[in-house]
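Accompanying notes for the structure given below.
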Amino acid sequence: MFKRQKMINGRDESSITPALISQGPFTIEDFEGGLQNLEQLHSKKILVLGAGGLGCEILKNMALSGFKHIDVIDMDTIDISNLNRQFLFRTKDIGKSKAIVACEFIRKRVKDVNVTPHFAKIQTMGDDFFKQFDLIISGLDNIEARRWVNSLVISLYDVNDDDSLIPMIDGGTEGFRGQSRVIFPRLTACYECTLSLAPAVKTQYPVCTIANTPRLPEHCIEYVNLIEWPKQFPDKKFDADNPDDVTWLYDRSLDRAKQFNISGVTRSLALGVVKNIIPAIASTNAIIAASCVNEAFKVLTSCNPNLEYCMQYSGDNEPFTFNFAPEQQADCPICG
Amino acid sequence: MVVNEQKYDRQLRLWASDGQQDLEESHVCLINATSTGCEILKNLVLPNVGQFTIIDGESISERDLSSNFFLEEGDYGKLRAAVATESLKELNPSVHGQYLGTSIDDFLIEHCSVSSFWNKFSLIIFTSSFKYNVSFHKLVSLIYGKIPILEANSVGFYGSLKLIFNERTIIQTHLNEIPDLRIDLPWPELSDYLNGLNIEKLSIEELKNIPYSLLLMNFRRKYVDATGNEKPTRKDFKKFVETDELVKDIRYAALENIEELLKFSWRGTTRTTIPSTIQQILEDSNTLSSPLSSSPFWVLVKALKRFVNENGCLPLSGKIVDMASSTEKYIELQKLYREKAEKDKKLIEEYASDISAECIVSQALLDNFCKNSQYLVVQKGSKDFVNNKMVNAILTGDNSSRVSIQMAFLTLGVFCENHEHQYPKMEDLPELIDITETRFLNGNKVPLSSKGGDEDSKYIKTLKEFIRMEGCEMINTASFIGGLGGQEALKILTNQYVPLNNTLVYDGIESSIEKWKV
Ligand SMILES: [Zn+2]
């Protein structure tokens with residue numbers, strides 16, 4: 001029997017140790033149980049992309065899953081509308097860097113984990129920054145940043161050098177739904193290979209409709225946003241986080257709706273249309289982040305087989321998952 | 001209130017202010033502040049559940065600290081209920097939280113018959129139920145049919161979730177909506193409006209202002225007049241529309257509404273009917289027991305039944321989709337649909353008060369009921385734990401089935417009951433097999449090896465995986481079940497969306513869930 005590491009009266013690793021010290025009935029062939037697996041896990045360096053809804057959950061789970069070196073990068077600051085799910089932030093933190101506040105909280109709760117924040121845009125970090133990590137786990141809220149990172153990890157992989165392979169695990173949520181996926185550069189399909197599955201970025205209304213024949217409250221709001229605002233303020237970009245700007249937009253949208261006899265313009269709808277707001281709750285982020293970190297744990301320890309590519313989850317009716325693993329696309333512009 | 005609207009903006013888009021109000025008026029009880037339990041509660045405290053009460057008599061162990069983010073390192077040995085309550089309250093100061101530092105076993109012995117204690121809760125969440133098997137089943141029989149129970153467990157890479165209720169009626173189901181356009185069944189005002197438009201005589205300039213649903217109505221009428229056939233196939237009807245002179249003459253102009261007309265021509269063949277799910281609900285309203293029959297939902301269902309008998313269709317939802325057209329024509333059409341919906345609603349209201357003068361139906365409820373009458377859901381739950389399907393899955397050694405996870409949890413429950421909350425070791429495997437066979441398989445034998453091989457069967461593998469994990473909660477499984485449990489609890493508390501009915505397991509090795517009804 002192996003001797004187990006024991007910390008007296010503190011946070012030890014007793015909850016993850018059984019999975020690592022013994023061979024299980026479903027364990028992959030070449031896995032050998034033992035405390036060396038725990039030590040190996042401790043030495044891994046992880047990069048977390050995004051410290052938002054998924055990011056907060058990912059950091060919490062990583063800190064209690066044996067990961068000791070975690071970097072997190074996020075350029076956003078904390079907004080009041082984050083507080084319904086991003087549980088590492090409080091009202092007093094509004095306006096501060098998400099990455100910095102999240103790391104402070106994690107350090108306070110879980111003592112022996114090294115978390116390093118980067119209050120920066122992902123695209124400004126150089127190749128050498130990314131190369132130091134054993135795994136990248138992303139909880140980003142936009143497709144563009146995902147595509148950028150996807151293309152980067154594939155370009156960093158030199159087929160003659162196993163060490164250059166960085167697995168990427170990607171999570172995404174919307175309302176009661178979400179998905180997690182495991183990408184091994186050039187071994188599985190990449191993010192770009194299945195881009196057609198990504199949700200539509202934003203509903204586009206034809207300009208002639210919003211200008212000439214508006215029928216929905218959304219048409220009125222988009223008209224004010226796209227046509228009236230630039231006319232009125234040619235030198236100022238509309239700022240959806242500035243209450244004065246939003247009030248102006250809302251008032252003008254109401255005027256326009258009234259002129260056309262259209263009902264249903266509300267401040268909340270106006271914000272939803274111009275910011276392209278996606279509904280978000282803590283529980284969905286919890287499900288997807290847990291799935292992502294569980295896969296990271298399995299990928300880096302080989303203690304059990306990992307997810308083959310993608311798990312789609314849907315909870316707006318009775319809960320349901322659907323797993324699929326498409327082929328790498330031969331004509332993929334990134335990995336093909 | 002403005003601050004709260006901003007803070008909860010991202011969830012209000014899912015369940016609106018009425019769902020939020022229901023959530024904020026609710027009180028949930030968590031039994032056992034395990035990692036899974038605290039994760040579920042976190043997912044309810046953040047969106048602003050009204051109150052929570054934790055019942056838990058355990059002291060914080062190293063293992064708790066190892067897997068529960070809501071306990072702090074210095075909390076070793078302290079009362080778990082107290083620490084978890086403070087930690088969860090800190091997430092959202094407007095949530096009221098309290099605890100009872102007694103184990104559920106002791107609590108039920110003292111308060112077993114006091115159902116008034118439980119009546120204040122909207123939902124009871126019971127975690128690590130397999131460790132408290134006797135109390136869990138005692139509680140189920142005490143409050144089944146009164147308060148829904150969410151049972152949640154996680155061990156190693158395995159988790160399970162069960163929602164125990166007698167019946168749930170859901171109005172705002174948010175099921176995929178198909179527009180209720182009544183193209184085959186225009187009411188008199190709509191018919192008059194259509195006649196007044198004189199579609200066949202319109203110029204291109206005028207025609208492009210007309211929403212396609214009106215054009216479809218016109219073509220449907222024309223088709224029936226020409227063929228005498230009331231039930232055109234999609235293909236025939238599409239051809240009929242495409243080859244009509246009116247359409248042929250103006251196709252070159254590529255009018256947006258004509259494009260939509262051709263794209264959605266099949267909608268001209270759909271018939272306004274009563275979905276079979278709704279017919280079933282209408283039938284069910286005949287056989288209700290007395291306390292239920294006076295609930296607002298069932299009074300409205302009875303009113304709906306009379307409406308259907310007299311009108312042959314459901315009340316109009318009043319919603320129409322966006323259709324390319326002029327603002328003026330679209331708004332006129334919208335107004336017709338809204339006025340008809342309003343009229344139908346008044347009838348339902350009248351019938352409801354005929355049926356029960358005492359029953360108070362709020363305008364908001366009436367409104368939602370009529371708008372969603374195509375999508376109402378009535379779920380029949382149960383308090384059963386095993387069914388034939390599960391027994392067969394174990395006996396046939398079905399490798400693709402994850403029923404073995406749930407069967408193992410049930411077996412663990414009996415084992416812990418027999419051994420004073422002790423978790424089994426590898427040498428206890430024969431006893432576990434014996435429990436499964438005698439308690440759940442009617443004495444039939446568990447297959448020990450997989451068909452034709454010398455490998456263990458799926459069920460034996462599952463038991464061994466359970467034993468090797470020593471009963472540990474791993475954060476990722478606890479958090480996954482916590483998220484799922486959170487979603488299901490939110491559906492129950494907001495009375496919106498369709499919840500699990502009734503058993504689900506999570507397999508973190510294969511990364512998927514499976515659900516079934518027992
Ligand atoms: Zn690719």
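The values are calculated or read from the model by the stated rules, or taken from the named source; none is laboratory data. In this text the structure is predicted, and so the values were computed from the model without any measurement. Note: ideal-geometry Cβ built from the backbone for every residue, glycine included; neighbour counts use all protein chains shown. Accessible surface is based on the protein model in full, side chains and every heavy atom, while ligands, DNA and RNA are left aside. Shrake-Rupley method; radii C 1.70, N 1.55, O 1.52, S 1.80 Å.
Between B:TYR252 and A:SER155, with labels modelled 7 Å along Cα→Cβ, what's the label distance in nm to one decimal, could you check?
With each label placed 7 Å out from Cα toward Cβ, I get 5.2 nm.
Hey, got a sec? Which GluC sites (Glu not before Pro) in the range A:12-74 land in a DSSP loop and have at most 13 other Cβ atoms within 10 Å?
Answer by residue number: A:GLU29, A:GLU32.
What size of dipole, in debye to the nearest 20, comes out for chain B about its Cα centre when the only charges are +1 on Lys and Arg C-beta atoms and -1 on Asp and Glu C-beta atoms? Before the final figure, lay out each step's value.
On the way: 57 positive and 72 negative charges, 297 e Å.
So the dipole magnitude of chain B works out to roughly 1420 debye.
Determine the relative contact order of the range B:388-469: mean sequence separation of Cα pairs under 8 Å and six or more apart, normalised by residue count, in whole percent.
This gives 35 percent for the range B:388-469.
Please state the charge dipole magnitude for the range B:388-469, taken about the Cα centre, from unit charges on C-beta atoms (+1 on K and R, -1 on D and E), reported in debye and rounded to the nearest 20. Mind showing how you got there, number by number?
Details: 10 positive and 12 negative charges, 74 e Å.
Approximately 360 debye in magnitude.
First compute the accessible area of the protein assembly as shown with a 1.4 Å probe, then give the percent of it belonging to carbon and sulfur atoms.
On the way: 17280 of 35090 Å².
Ligands and nucleic acids excluded, carbon and sulfur reach 49 percent.
Could you work out the Rg to Rh ratio of the protein assembly as shown, with Rh taken as the Kirkwood radius (inverse of the mean 1/r over all Cα pairs)?
Values: Rg = 29.4 Å, Rh = 29.7 Å.
A ratio of 0.99.
Would you please state which residues of the range A:144-175 a label at A:ASP127 would reach in this model, taking the label point 7 Å out along Cα→Cβ and a backbone N cut-off of under 13 Å?
So the set is A:152-159, A:164.
How would you classify the range B:188-269 from its alpha-carbon gyration tensor, with a ≥ b ≥ c the square roots of the eigenvalues: rounded for a/c under 1.5, else prolate if a/b is greater than b/c, otherwise oblate?
Verdict is oblate for the range B:188-269.
Please compute the length gained on full extension between A:THR266 and A:VAL207, using 0.36 nm multiplied by the number of residues separating them and subtracting their Cα-Cα distance.
Extra length from A:THR266 to A:VAL207 when fully extended: 19.1 nm.
Tally the DSSP beta bridges in chain B and give the antiparallel ones as a percent, rounded to 5.
Working: 23 of 43 bridges.
Just about 55 percent of them are antiparallel.
Working from the alpha-carbon coordinates of chain B, get Rg over Rh, Rh being the Kirkwood radius.
Reported Rg/Rh, Kirkwood definition of Rh: 1.07.
Once the Cβ-Cβ distance between B:LYS380 and B:LYS263 is put in as r, and R0 is 41 Å, what FRET efficiency do you end up with, to the nearest 0.05?
Plugging the Cβ-Cβ distance into 1/(1 + (r/R0)^6) gives 0.55.
Placing +1 on the Cβ of each Lys and Arg and -1 on the Cβ of each Asp and Glu in chain A, which of A:ASN261, A:PRO18, A:ASN285 has its Cα farthest towards the positive end of the resulting dipole?
A:ASN261
Could you derive backbone 3J(HN,Hα) for the range B:19-32 from the dihedral phi with the Karplus parameters 6.51, -1.76 and 1.60 (θ = phi - 60°), listing whole Hz in sequence and x where the residue is Gly or Pro?
Couplings: x, 5, 5, 4, 4, 6, 8, 8, 9, 10, 10, 10, 9, 6 Hz.
Can you give the FRET efficiency for A:GLU32 and A:ASP163, using 1/(1 + (r/R0)^6), R0 = 22 Å, r = Cβ-Cβ distance, to the nearest 0.05?
0.55
For B:HIS27 and B:LYS78, what is the calculated FRET efficiency with R₀ set at 25 Å and r taken between the beta-carbons, to the nearest 0.05? Before the final figure, lay out each step's value.
On the way: r = 25 Å, r/R0 = 0.99.
Calculated transfer efficiency: 0.50.
Counting only heavy atoms of the protein chains, get the accessible area per residue of chain B (1.4 Å probe) and round it to a whole Å² value. Don't skip to the end; give the middle numbers.
Numbers: 20740 Å² over 518 residues.
Result: 40 Å² of accessible area for each residue.
Using a basic spin-label model with each label point 7 Å from the Cα along Cα→Cβ, how many nm lie between B:GLU242 and A:LYS92?
Calculated label separation equals 6.9 nm.
Taking the Cβ of A:LYS98 as the centre, find all other residues whose Cβ is under 10 Å away and add up their charges (Lys, Arg: +1; Asp, Glu: -1). Kindly include the intermediate steps, with their values, before the conclusion.
Values: positive: A:LYS96; negative: A:ASP74, A:ASP76, A:ASP79, A:ASP93.
That works out to -3.
Give a residue-ordered list of calculated ³J(HN,Hα) values for the range B:371-386 (Karplus: 6.51 cos²θ - 1.76 cosθ + 1.60, θ = phi - 60°; whole Hz; x for Gly, Pro).
For the range B:371-386, the Karplus curve yields 4, 10, 4, 6, 10, 4, 10, 10, 9, 9, x, 6, 10, 7, 10, 10 Hz.
Fully extended, how many nm does the chain gain between B:SER115 and B:TYR193 (0.36 nm per residue separation, minus their Cα-Cα distance)? Provide the component values of the computation, followed by the final result.
On the way: separation 78, 0.36 × 78 = 28.08 nm, distance 5.94 nm.
Separation in residues times 0.36 nm, less the Cα-Cα distance, equals 22.1 nm.
Excluding ligands, DNA and RNA, what is the accessible area buried between chains B and A, summed over both sides, using a 1.4 Å probe, to the nearest 100 Å²?
That pair of chains buries around 7100 Å² in total.
In the structure shown, do any of B:LYS445/B:LYS517; A:LYS298/B:LYS162; B:LYS120/B:LYS305; A:LYS60/A:LYS237; A:LYS258/B:LYS491 have a Cα-Cα gap over 30 Å, and if so which?
Beyond 30 Å: B:LYS120/B:LYS305; A:LYS60/A:LYS237; A:LYS258/B:LYS491.
Once you list every other residue whose beta carbon is under 15 Å from the beta carbon of A:THR77, what net charge do they have if Lys and Arg are +1 and Asp and Glu are -1?
The answer is -3.
Give the residue list of GluC sites (Glu not before Pro) in the range A:273-335 that are DSSP loop and have at most 11 other beta-carbon atoms within 10 angstrom.
Counting only loop positions with at most 11 other Cβ atoms within 10 Å, the GluC sites (Glu not before Pro) in the range A:273-335 are A:GLU327.
May I ask you to evaluate 6.51 cos²θ - 1.76 cosθ + 1.60, the Karplus curve with θ = phi - 60°, for each residue of the range B:466-477 and list the ³J(HN,Hα) values in order in whole Hz, giving x for glycine and proline?
Karplus-based 3J(HN,Hα) across the range B:466-477 equals 4, 5, 5, 7, 6, x, 6, 8, 9, 3, 5, 6 Hz.
Could you give the length gained by full extension between B:ARG63 and B:ILE274, i.e. 0.36 nm per residue of separation minus their alpha carbon distance, to one decimal place?
Full-extension gain reported as 70.5 nm.
Label 7 Å along Cα→Cβ of B:THR287; the range B:371-405 residues with amide nitrogen under 20 Å?
It comes to B:377-384, nothing else.
Kindly identify residues of the range A:295-318 having a loss of at least 40 Å² in accessible area between the isolated chain and the assembly of all protein chains, probe radius 1.4 Å.
Buried by 40 Å² or more upon assembly, which counts only protein chains, are A:ASN304, A:ASP316, A:ASN317, A:GLU318.
What is the dipole size for the range B:276-380, taken about its Cα centre, with +1 at each Lys and Arg Cβ and -1 at each Asp and Glu Cβ, in debye to the nearest 20?
160
Extending each Cα 7 Å along its Cβ direction at B:ASP434 and A:LEU226, get the distance between those two points in nm, one decimal.
A separation of 7.4 nm, rounded to one decimal place.
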